[in-house]
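Visitor: Here it is: the structure, laid out below.
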Amino acid sequence: MGEEKELTIALAGNANVGKSVIFNQLTGSHQIIGNWPGKTIEKREGYLIYKGYKIKVVDLPGIYSFSTYSEEELISRDFIAKEKPDVVINVVDALHLERNLFFTLQLIELEAKLVIALNQIDLLEKSDFTIDSNKLENILNIPIVPTVAIEGKGIEKLIEKCIEIYEGEIKYEPIKIEYGKEVEERVNELIKVVSFDTSYPKRWFNIKLLEGDEKIKKLVRDEKILEIIEKKSKELEEIHGEPISLILTQEKYNLSNKITSEVLIKKEKRVNISDFLDKIFLHPIFGYFTLIISLFLIFYLIFKFGNFVSRYLESFF
Amino acid sequence: MKNIFMKKIKEEILEYLFREKKEMVSISELKSYFNFENFDEIINSLVIEGKIKLENDFVILTDQGEKEGEDIFEKHEFVEDFLKNIGVPEDFAHEKACEIEHHISEDKLKDIYPLSKLNTGEVGEIVLIRGGKGLIQRLYDMGLTPGTEIKVLRQAPFGPIEISLRGYHLALGRGVIDRIWVKKKN
Ligand SMILES: Nc1nc2c(ncn2[C@@H]2O[C@H](COP(=O)(O)OP(=O)(O)OP(=O)(O)O)[C@@H](O)[C@H]2O)c(=O)[nH]1
Ligand SMILES: [Mg+2]
């Protein structure tokens with residue numbers, strides 16, 4: 001051995017979307033369960049060997065954003081931004097696309113290399129909606145693999161895609177998330193001023209500075225730079241009349257709403273005869289009418305037809 | 001952006017002159033009150049638009065200017081009352097009203113209730129959320145941003161309520177729902 005290439009994959013997404021089921025599918029019995037350093041939150045890692053790759057898999061906690069109002073959010077964003085896993089599998093619940101995409105956009109902003117597992121496709125098929133996953137793939141420009149985690153469907157394809165991304169076989173250039181001119185100008189000016197090295201992605205780091213993210217601001221020691229940041233945030237708040245983090249959250253939700261409306265399709269309801277009859281016969285009001293009418297018809301037929309039959313029979317005698 | 005800003009400043013000036021209508025306001029007073037870079041430019045354009053006149057260094061509203069000033073003034077009072085009614089502290093309400101008055105028409109403020117006033121099955125559009133930045137950020141993260149339509153699915157007296165928004169369901173505790181103000185849809 002020793003010839004194996006090693007890579008790390010993280011599973012990230014909203015709560016209850018199927019991350020742990022995928023984690024179990026991938027790692028089987030090779031799991032290590034412990035805690036995140038210094039935290040009470042469970043850390044689950046495991047590994048798998050696949051086609052000569054030794055792949056470490058990390059199951060991240062389920063979260064909705066990286067605003068860091070919880071430990072889970074902090075752990076996840078620091079793991080992705082600083083440890084830089086080779087690929088992040090973003091597990092997306094196909095039934096709640098809009099909310100899940102909001103998180104996907106944040107992962108893109110954090111410059112994670114993504115493969116999307118569009119999970120719970122079995123439940124989507126039973127619903128009134130379907131998703132044009134090719135179109136979604138084109139809009140986001142991120143590989144998408146439809147999966148049914150509990151049945152193991154799509155899991156191998158997921159790994160294949162991760163390896164392709166890792167090997168650079170797929171050009172990874174996801175959709176750019178851009179804000180209004182006022183924000184963009186200030187982010188770009190700030191990038192020039194904040195020149196020291198952090199392990200965080202540059203654009204993301206500077207956006208967080210403008211948002212006034214406490215954890216990120218602590219990394220800036222220079223009073224002069226802090227003053228510049230303060231001034232720019234103030235200007236933005238004055239223009240928009242709202243804290244800047246809220247503005248950017250709204251913009252990302254607007255984008256995920258727009259994308260969702262382009263790829264989520266309401267299924268054409270085929271008129272199913274038995275459904276149709278059920279509706280008529282089981283309707284709380286019309287049900288009685290249809291009952292009476294059918295009884296009437298039955299009696300009518302019995303008497304009419306019965307009469308005819310009995311006369312016909314009589315003719316034999 | 002700049003045009004909106006200009007419009008806002010002009011409206012502020014007309015409103016101020018309307019409030020101070022009984023007093024004679026001199027141009028230097030006005031200038032020090034608004035303390036604004038291109039003040040002269042703005043005053044000139046108000047004169048050209050026929051909304052104010054300058055007489056011996058005093059600024060006087062024309063009929064048209066007075067009417068506009070009064071409009072803005074009334075809107076301000078309306079918005080400020082509304083904000084106070086929903087429990088926004090007084091000085092903050094005044095400050096917010098100064099911002100909102102330029103953007104909003106009165107009929108937009110009709111039919112606005114805290115979420116708890118909506119009945120099961122009713123739909124509302126989020127207008128504003130009151131609370132600290134942390135709370136608001138968390139609600140925004142869950143998709144409760146202004147303009148979002150929410151529908152009340154279920155509610156238990158004194159218990160949480162279940163709503164649907166952005167294609168998913170969410171339960172909200174009592175402590176939160178009165179902080180969310182919605183415009184009821186018919
Ligand atoms: N029908 C169906 N159910 C699924 C699928 N994937 C996961 N589930 C179910 O969804 C639930 C949540 O799955 P988990 O894997 O625990 O979700 P998670 O993302 O790890 O959740 P957190 O750890 O809370 O963030 C479980 O009851 C799974 O059985 C799927 O593809 N189809
Ligand atoms: Mg889990």
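Visitor: Can you sort A:Arg44, A:Arg186, B:Arg154, A:Arg311 by how many other beta carbons sit within 10 Å, fewest first?
Guide: A:Arg311, B:Arg154, A:Arg44, A:Arg186
Visitor: Given Cα pairs under 8 Å that are at least 6 residues apart, what percent is the relative contact order of chain B?
Guide: 18
Visitor: Another question, then. How big is the gap, in Å, between the Cα center of segment A:45-122 and the Cα center of segment B:151-176?
Guide: Segment A:45-122 and segment B:151-176 have Cα centres spaced 28 Å from each other.
Visitor: Taking the Cα centre of segment B:111-161 as origin and charging only Cβ (+1 Lys, Arg; -1 Asp, Glu), how large is the dipole, in debye to the nearest 20?
Guide: Here segment B:111-161 has a charge dipole of around 220 debye.
Visitor: With the Cα gyration tensor of the protein assembly as shown giving a ≥ b ≥ c as the square roots of its eigenvalues, does the rule (a/c under 1.5 for rounded; else a/b larger than b/c for prolate; else oblate) give rounded, prolate or oblate?
Guide: The shape class here is oblate.
Visitor: May I ask which residue of A:Val220, A:Trp204, A:Asn257 lies farthest towards the positive end of the charge dipole of segment A:195-301, with charges of +1 (Lys, Arg) and -1 (Asp, Glu) on Cβ and the Cα centre as origin?
Guide: Of the options given, the answer is A:Asn257.
Visitor: So for A:Phe289, B:Phe82, fewest C-beta neighbours within 10 Å to most, what's the order?
Guide: Placing the least packed residue first, the sequence is A:Phe289, B:Phe82.
Visitor: Let me ask you something else. Under unit Cβ charges (Lys, Arg +1; Asp, Glu -1), what dipole magnitude, rounded to 20 debye, does chain B have relative to its Cα centre?
Guide: That gives chain B a dipole magnitude of about 1340 debye.
Visitor: Something else: Could you give the distance between the Cα centres of segment B:19-95 and segment A:150-181, to the whole Å?
Guide: About 57 Å separates the Cα centre of segment B:19-95 from the one of segment A:150-181.
Visitor: When a/c reaches 1.5 or more, the comparison of a/b and b/c decides; with that in mind, is segment A:273-316 rounded, prolate or oblate per its Cα gyration tensor?
Guide: Because a/c hits 1.5 or more and a/b exceeds b/c, segment A:273-316 counts as prolate.
Visitor: On to the next question. Once phi is turned into ³J(HN,Hα) by the Karplus curve 6.51 cos²θ - 1.76 cosθ + 1.60 with θ = phi - 60°, what whole-Hz value does each residue of segment B:153-162 show in order, with x for glycine and proline?
Guide: Running phi through 6.51 cos²θ - 1.76 cosθ + 1.60 with θ = phi - 60° gives 9, 7, 8, 10, x, 6, x, x, 10, 9 Hz.
Visitor: ³J(HN,Hα) across segment A:306-312 via Karplus (A = 6.51, B = -1.76, C = 1.60, θ = phi - 60°), whole Hz, x for Gly/Pro?
Guide: In residue order, the calculated couplings are x, 4, 4, 4, 5, 5, 4 Hz.
Visitor: Which of B:Asp178, A:Asp275 comes first, and how do the rest follow, when ranked by fewest Cβ neighbours within 10 Å?
Guide: A:Asp275, B:Asp178
Visitor: Calculate for chain A the 222 nm mean residue ellipticity that helices alone would give, adding -39,500 (n - 2.57) per DSSP H run of length 4 or more and normalising by residue count, nearest 500 deg cm²/dmol.
Guide: The helix-only estimate for chain A comes to -16000 deg cm²/dmol at 222 nm.
Visitor: So who's got an amide H within less than 5 Å of the one on A:Thr8, skipping anything under 5 residues away but keeping other chains? H placed 1.01 Å off N, in plane.
Guide: Those lying under 5 Å, H to H, from A:Thr8 are A:Lys56, A:Asp86, A:Val87.
Visitor: Can you find, among A:His30, A:Ser274, A:Val183, the residue farthest towards the positive end of the dipole of chain A? Put +1 on the C-beta of Lys and Arg, -1 on that of Asp and Glu.
Guide: Value: A:Ser274.
Visitor: Only sites in a loop by DSSP and with at most 16 other Cβ atoms within 10 Å count here; which GluC sites (Glu not before Pro) in segment B:1-58 make the cut?
Guide: In loop regions of segment B:1-58 (DSSP not H, G, I, E or B), the sparsely surrounded GluC sites (Glu not before Pro) are B:Glu20, B:Glu23, B:Glu37, B:Glu49.
Visitor: Let me ask something additional. For n ≥ 4 DSSP H runs only, could you compute -39500 (n - 2.57) per run for chain B, divide by its residues and tell me the 222 nm figure to the nearest 500?
Guide: -14000 deg cm²/dmol
Visitor: For the charge dipole of the protein assembly as shown, defined by +1 on Lys and Arg C-beta atoms and -1 on Asp and Glu C-beta atoms about the Cα centroid, which residue among A:Ile116, B:Gln137, B:Val47 has the Cα displaced farthest towards the positive pole?
Guide: Projecting each Cα onto the dipole axis, the largest value belongs to A:Ile116.
Visitor: Let me ask something else about it. Only Cα pairs under 8 Å and at least 6 apart count here; give the relative contact order of chain A as a rounded whole percent.
Guide: Computed value for chain A: 15 percent relative contact order.
Visitor: Let me ask something else. Under a Cβ-Cβ cut-off of 11 Å, what is the net charge of the residues other than A:Tyr50 that fall near it, where Lys and Arg count +1 and Asp and Glu count -1?
Guide: Local net charge: 0.
Visitor: Answer rounded, prolate or oblate for segment B:111-185, using the Cα gyration tensor with square roots of eigenvalues a ≥ b ≥ c: rounded when a/c is under 1.5, else prolate when a/b is larger than b/c, else oblate.
Guide: Here segment B:111-185 falls in the rounded category.
Visitor: Nearest 20 debye, what's the magnitude of the dipole of chain A about its Cα centre given +1 on Lys and Arg Cβ and -1 on Asp and Glu Cβ?
Guide: Roughly 660 debye for chain A.
Readers should treat all values here as calculations from the given coordinates under stated rules, not as data from a laboratory. Model, not experiment: these values are computed from the prediction. Quick reminder, even Gly has a Cβ in these numbers, built from the backbone with ideal geometry, and neighbours come from all protein chains shown.
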